[in-house]
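Values quoted throughout were computed directly from the atomic coordinates according to the rules given, and no laboratory measurement underlies them. Being a predicted model, the structure only gives us computed values, none of them experimental. Cβ: placed from backbone, ideal geometry, glycine included. Neighbour counts: every protein chain shown.
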Amino acid sequence: MGNNKEIAFHNRLKLLRAERSISRKQLAAAVGVHPQTIGYIERRQYNLSLALAMRLASYFGLTLDAVFSPKPFEPLANDILTQ
Amino acid sequence: MTYFQERLYGNVNGPFADRLQNRAGRRALVLATLLGAAWVGVAFSNLEHGFWWLVAAAIVFESCILLLILSLRGIFELKDDLLDEYQISVRNNAYKTSYGLVLVFLVVLATIAAGMELPRLSMFGVAVFAFLVSALAPRLISAWNLEDDRGQQ
């Protein structure tokens with residue numbers, strides 16, 4: 001049961017984890033939540049707090065808008081192809 | 001952290017609790033708990049059947065509650081500092097939802113029981129069932145609604 005029934009933020013957590021070979025458990029331990037919570041965030045079943053969003057973005061060394069967005073992210077391949 | 005909280009925290013995050021994280025299993029557990037509560041109520045209504053009938057009902061009911069606690073990762077039993085923000089929000093939402101539902105449940109149950117003109121001992125059994133379900137309502141609602149957890153990869 002997600003706490004918010006409104007639109008959940010899109011995120012790149014799964015992609016970032018895969019890119020850096022980090023398990024859900026490792027990421028959860030680094031930001032101080034349960035591994036299940038990372039799963040719920042990745043699947044957009046829970047709208048996380050700003051504090052947790054900032055901890056996650058800072059863990060990956062990225063800005064907040066690079067990790068979370070209210071709109072779906074463009075595929076990264078599009079950015080590479082247009083450069 | 002107290003000894004009880006420490007042991008509980010270890011168990012609800014252990015491998016056995018990991019196996020209880022699918023939605024269908026949780027819902028089956030909710031139904032089993034409701035049946036267990038009904039059995040305890042019936043056992044109280046028919047005390048002439050013997051003490052052991054009540055003991056058996058209590059053991060089944062308690063086992064269901066223990067499994068329910070494990071499947072919910074102890075979010076209703078552990079202190080806030082041992083939970084994360086998602087778990088706290090699930091717990092708080094379950095309490096909010098259960099207030100209204102418990103009220104409706106009690107009114108419906110009381111209306112049905114009053115219409116049936118049950119003997120006094122049976123009324124006591126209905127009251128026991130109502131008390132158990134009301135006390136467990138937030139846990140039952142959470143377990144029913146919580147999404148599937150698809151592994152930790």
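The table that follows gives values for the structure above.
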{"quantity": "Once the Cα gyration tensor of the stretch B:37-101 is diagonalised, semi-axes √(5λ) in Å", "calculated": "32, 14, 7"}
{"quantity": "Label-to-label distance, nm, for residues given as residue B:11 and residue A:63 (7 Å Cα→Cβ offset)", "calculated": "4.9"}
{"quantity": "FRET efficiency, residue B:52 to residue A:14 (Cβ-Cβ, R0 35 Å, nearest 0.05)", "calculated": "0.05"}
{"quantity": "Helix-only mean residue ellipticity at 222 nm for chain B, each DSSP H run of n ≥ 4 adding -39500 (n - 2.57), per residue, nearest 500", "calculated": "-26000 deg cm²/dmol"}
{"quantity": "Equivalent ellipsoid semi-axes, the stretch B:65-153, via Cα gyration tensor eigenvalues times 5, rooted, Å", "calculated": "32, 13, 11"}
{"quantity": "Residue B:79 paired with residue A:74, simple spin-label distance in nm, labels 7 Å along Cα-to-beta-carbon", "calculated": "5.0"}
{"quantity": "Rg in Å to one decimal, and Dmax rounded to a whole Å, for the protein assembly as shown via C-alpha atoms", "calculated": "22.3, 83"}
{"quantity": "Förster radius 41 Å - calculated FRET efficiency between residue B:1 and residue B:118, Cβ distance, rounded to 0.05", "calculated": "0.30"}
{"quantity": "Computed magnitude of the charge dipole of the stretch A:10-65 (debye, nearest 20; Cβ of K, R +1, Cβ of D, E -1)", "calculated": "180"}
{"quantity": "Kirkwood hydrodynamic radius of chain B, Cα pairs, Å", "calculated": "16.8"}
{"quantity": "Per-residue Cβ neighbour rank within 10 angstrom, fewest leading, B:105, B:44", "calculated": "B:105, B:44"}
{"quantity": "Chain B: DSSP helices with Cα axial extent of at least 24 Å and average Kyte-Doolittle hydropathy no lower than -1.0", "calculated": "B:23-45, B:51-71, B:85-116, B:120-145"}
{"quantity": "Convex hull per residue volume in Å³, alpha carbons only, for the stretch A:10-65", "calculated": "73"}
{"quantity": "Between the stretch B:79-124 and the stretch B:2-57, the alpha-carbon center distance in angstrom", "calculated": "16"}
{"quantity": "Chain B: most fluctuating residue of B:36, B:125, B:100 per GNM, C-alpha cutoff 10 Å", "calculated": "B:100"}
{"quantity": "Exposure rule at most 13 other beta-carbon atoms within 10 Å, DSSP loop trypsin sites (Lys or Arg not before Pro): chain B longest free segment", "calculated": "B:80-149"}
